[in-house]
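The values are calculated or read from the model by the stated rules, or taken from the named source; none is laboratory data. Being a predicted model, the structure only gives us computed values, none of them experimental. Cβ sites come from the backbone with ideal geometry, for glycine too, and all protein chains shown count toward neighbours.
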Amino acid sequence: MKLCRFNDNRLGVVQNHEVLDVSAALDVLPALHYPYPVQDQLIAHLPQLRSRIENLLPSSLRLPVSQVQFLSPVANPGKIIAAPVNYEKHLKEVLNDPGIHHNNQISHIQRAGFFLKAVSSLQGASKPIILTMPERRTDHEVELVIMIGKVGRHIAAADAMDYVAGYSIGLDITIRGPEERSLRKSPDGYTVLGPWLTTADDIAQPGQLELALHVNGITKQRSNTSDLILDVPALIEYASRFYTLYPGDLLFSGTPEGVSQLQAGDSLFARIENLGEMTIPIQGPI
Ligand code: MN
């Protein structure tokens, strides 16, 4: 199932270039009282939600995909975990370009671990990316994103796929320079998730997906998730050794080679096999 959030916080299912409005299914979510849980309630209740959605689909309102505004498919992730370098060729590219690395802790993922991006940096596929520091090099990074579906800590790789709610396309927009990653990668809008969530049951082989990113029609990044150094189960095992993972948490799996600078006026296109595609304008500061 391809689940989306659209327009004014509507819930939708994407089928054949249409969005079916199933917002009425949100009534299965519990009423909550302070203090609110640090997990996304929609993702935490996905099984109940799905059976309600199935009942609503035949009578739901249909809108063309081209006429809706997509929001991030998860509204309230507790954290955004990201792998800094998880493709061998991107590691070499970064090490060979002083304009990228600034001697800033570049090494193999098994040594570098993860970093966190601010949840306030998250936006969906229908918004432009507004450059925060246009005087500084700002790069695109396209990534397979894993959305966590249930609570877990110390998850073994062999069990890890049971903890996946689904997958989306991610953009980890990055200002290059000497500052900490959590600053350079977390301005508002620098974490894009979209265009929707494809649930795990629809993706049999997350380690066999083509991914590509174009800028102004020119291919910049093209790879396959089979080139990941740590694959999806290994990433979940590694992250859950440090963090309790909660429903709605996002795991950015790292970007392949081909990162390059974005300029105001550019048009960015990102696609991952079976997960959709999105076209996003790049704008200068307002
Ligand atoms: Mn990245």
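Details
- Within the range 193-214, the residues that satisfy the criterion of being in a strand (DSSP E or B), surrounded by 20 or more Cβ atoms within 10 Å (Cβ to Cβ) and of a type outside the set (S, T, N, Q) are 193, 194, 195, 196, 197, 211, 213.
- There is at least one residue in the range 68-76 that is modelled with pLDDT of 95 or more and in contact with a Cys (Cβ under 7 Å, 6 or more places away or on another chain).
- Entry remark, the range 162-203: residues being closer than 18 Å to residue 243 by Cβ and away from the ligand (no atom under 16 Å from the Cβ) number 4 in total.
- Inter-residue pairs, beta-carbon under 6 Å, first within 18 Å of residue 261 (Cα to Cα) and in the range 83-100, second more than 13 Å from the ligand (Cβ to nearest atom), 6+ apart: 94/101
To keep it simple, each residue is scored yes or no on (1) on the phi < 0 side of the Ramachandran plot; (2) exposed (fewer than 15 other Cβ atoms within 10 Å of the Cβ); (3) more than 16 Å from the ligand (Cβ to nearest atom).
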{"residue": "117", "(1), (2), (3)": "yes, no, no"}
{"residue": "131", "(1), (2), (3)": "yes, no, yes"}
{"residue": "143", "(1), (2), (3)": "yes, no, no"}
{"residue": "154", "(1), (2), (3)": "no, yes, yes"}
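- For the range 77-105, a residue qualifies if it is away from the ligand (no atom under 16 Å from the Cβ), at pLDDT below 80 and either part of a loop (DSSP other than H, G, I, E, B) or under 23 Å from residue 128 (Cα atoms) (or both), and exactly one does: 103.
- Qualifying position, being in contact with a Gly (Cβ under 6 Å, 6 or more places away or on another chain), more than 29 Å from residue 264 (Cβ to Cβ), among the hydrophobic types (A, V, I, L, M, F, W, C) and away from the ligand (no atom under 16 Å from the Cβ), among 38, 22: 38
- Residue tally, condition in contact with a Gly (Cβ under 7 Å, 6 or more places away or on another chain) and more than 15 Å from the ligand (Cβ to nearest atom), over the range 224-243: 4
- Only one of the numbered conditions (1) small (Gly, Ala, Ser); (2) surrounded by fewer than 24 Cβ atoms within 10 Å (Cβ to Cβ); (3) under 22 Å from residue 270 (Cα atoms) is violated by residue 168, and that is (2).
- Test set (1) more than 14 Å from the ligand (Cβ to nearest atom); (2) over 25 Å from residue 12 (Cβ atoms) - residue 221 fails condition number: (1)
- Cβ-Cβ distances below 6 Å connect the following pairs, each with a first residue in the range 233-251 that is on the phi > 0 side of the Ramachandran plot, a second residue that is of a type outside the set (A, V, I, L, M, F, W, C) and not in a helix (DSSP H, G or I), and a separation of six or more residues or different chains: 248/39; 248/40; 248/77.
- Count - residues of the range 179-228 that are in contact with a His (Cβ under 9 Å, 6 or more places away or on another chain) and among the β-branched types (Val, Ile, Thr): 1
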